[in-house]
Amino acid sequence: MFRGAIVAIVTPFQKNGQVDEKALRELIEFQIASGTDGIVPCGTTGESPTLSHEEHDRVIEITINAVNKRVPVIAGTGSNNTTEALRLTRHAYEAGADGALIVCPYYNKPTQEGIYQHYKKIAEEVPIPIVPYNIQSRTGVNIAPETIAKLAKINNIVGVKEASGSIKQMSDVINLCGDNFDVLSGDDLFTLPLMAMGGRGIISVVSNVAPADMAALVDAAEAGDSGKAKALHHKMSPLIEAMFIEVNPVPVKAALSMMKKIEYEVRMPLCKMSEANLEKLRKAMVAYGLIS
């Protein structure tokens, strides 16, 4: 259902700290014109932890309106509170989102059964296609492949964003869940290896700045053009590394500001990059040809 190069889009802020709705709409147009296959608002890259509920709802509504059904919108609606995740997911469904990306409950470290029950309850109460998001480095708990396979049996749980950092886990998930379940990479560098194993694409950070190349990489991998896919993988690798020189989404927002697409604004407790790392990022952007 969800495949290709899908961007985890940033939430641009004005200098006064408010959401920059005009810049968000312009970023969406840039993405669609560049061949991006889907938009994820209010994910990690969208700074969802610092958005108020009103802002969260509004960003999703703007994205749905701006996209206007040209590509799928998979709204980030996760929380470590099941009731809150239900509300966010229900809003996304009622607003017209095509799917919901729901991060594994963080901080409270549920058991595998607790994780299963969390997703099961949301899936039963909101009839929207759901993609669990597995990222232990941020949540403190891994969704085991066996749990993902169990979730895959629920009709409207249609895929997973797999950011465990483990090739073995990705392989196990693909093997256990079958061809009708969309396994998407949550790490840009793992896009090609995941697709070689049967994955369906990427929910990408680097697509914010280089959407056409990531779309081309995924298309080449899907078409079996391993030469082109490998060339794009190696071309993008230094840029991807630069996007994570500090915690996401600080570098990608700095990069987009270098491209004159947004203001370089993040919300506390995030802060702007060190000057040394900013210079490394600038050099990577110049080397890639994104800025002069």
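At a glance:
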| read-out | value |
| --- | --- |
| Single residue of Leu184, Leu189 found to be within 15 Å of the chain's Cα centre (by Cα) and more than 21 Å from Tyr116 (Cβ to Cβ) | Leu189 |
| Which numbered condition Ala75 fails, given (1) outside any strand (DSSP E or B); (2) buried (at least 20 other Cβ atoms within 10 Å of the Cβ); (3) touching a helix residue (DSSP H, G or I) at 6+ places or on another chain (Cβ under 9 Å); (4) not aromatic (Phe, Trp, Tyr) | (1) |
| Any hit, the stretch 106-125, residues being without any contact (Cβ under 8 Å) to a residue 40 or more places away in the chain and within 9 Å of Thr77 (Cβ to Cβ) | no |
| 3 or more residues surrounded by fewer than 18 Cβ atoms within 10 Å (Cβ to Cβ): qualifying helices (runs of 4 or more DSSP H) within the stretch 205-268 | 211-223, 226-243 |
| Only one of Ile174, Ile157, Ile148 that is touching a Phe, Trp or Tyr at 6+ places or on another chain (Cβ under 9 Å), buried (at least 18 other Cβ atoms within 10 Å of the Cβ) and farther than 26 Å from Ser48 by Cα | Ile174 |
| Output for the stretch 49-60, where each listed residue is within 18 Å of Pro251 (Cα to Cα) and surrounded by 22 or more Cβ atoms within 10 Å (Cβ to Cβ) | none |
| Extreme residue, nearest to Gln14 (Cα to Cα), among residues of the stretch 270-280 that are in contact with a helix residue (DSSP H, G or I) (Cβ under 8 Å, 6 or more places away or on another chain) and not hydrophobic (A, V, I, L, M, F, W, C) | Lys272 |
| Every pair of residues 6+ apart whose Cβ atoms lie under 6 Å, when the first sits in the stretch 14-37 and is surrounded by fewer than 18 Cβ atoms within 10 Å (Cβ to Cβ) while the second is not charged (D, E, K, R) and not in a loop (DSSP other than H, G, I, E, B) | Glu21/Ile62; Arg25/Ala66; Ser34/Pro211; Ser34/Ala212 |
| Some residue of the stretch 125-134 being within 21 Å of Gly96 (Cα to Cα), surrounded by fewer than 20 Cβ atoms within 10 Å (Cβ to Cβ) and either touching a Cys at 6+ places or on another chain (Cβ under 8 Å) or not polar (S, T, N, Q) (or both) | yes |
| Count of residues meeting criterion [farther than 21 Å from Val286 by Cα and either of a type in the set (Asp, Glu) or without any contact (Cβ under 8 Å) to a residue 60 or more places away in the chain (or both)] in the stretch 194-243 | 18 |
| So Asn142, is it more than 17 Å from the chain's Cα centre (by Cα), modelled with pLDDT of 95 or more and either surrounded by fewer than 16 Cβ atoms within 10 Å (Cβ to Cβ) or within 22 Å of Lys230 (Cβ to Cβ) (or both) | no |
| Residue check, Thr63 assigned to a helix (DSSP H, G or I) and either of a type in the set (Ser, Thr, Tyr) or free of Cβ contacts under 8 Å to residues at least 12 places away in the same chain (or both) | yes |
| Breaking point among (1) more than 14 Å from Val266 (Cα to Cα); (2) assigned to a loop (DSSP other than H, G, I, E, B); (3) not hydroxyl-bearing (Ser, Thr, Tyr), for Gly17 | (1) |
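Yes or no, residue by residue, for (1) more than 18 Å from Val126 (Cα to Cα); (2) of a type in the set (Asp, Glu); (3) out of contact with any Asp or Glu (no Cβ under 6 Å at 6 or more places or on another chain):
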{"position": "Lys22", "(1), (2), (3)": "yes, no, yes"}
{"position": "Leu27", "(1), (2), (3)": "yes, no, yes"}
{"position": "Gly35", "(1), (2), (3)": "yes, no, yes"}
{"position": "Glu54", "(1), (2), (3)": "yes, yes, yes"}
{"position": "Ile62", "(1), (2), (3)": "yes, no, no"}
{"position": "Asn68", "(1), (2), (3)": "yes, no, yes"}
{"position": "Asn80", "(1), (2), (3)": "no, no, yes"}
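The values are calculated or read from the model by the stated rules, or taken from the named source; none is laboratory data. Note that the structure is a prediction, hence the values are computed from the model and not measured. All Cβ positions, glycine included, derive from the backbone under ideal geometry; neighbour counts span all protein chains shown.
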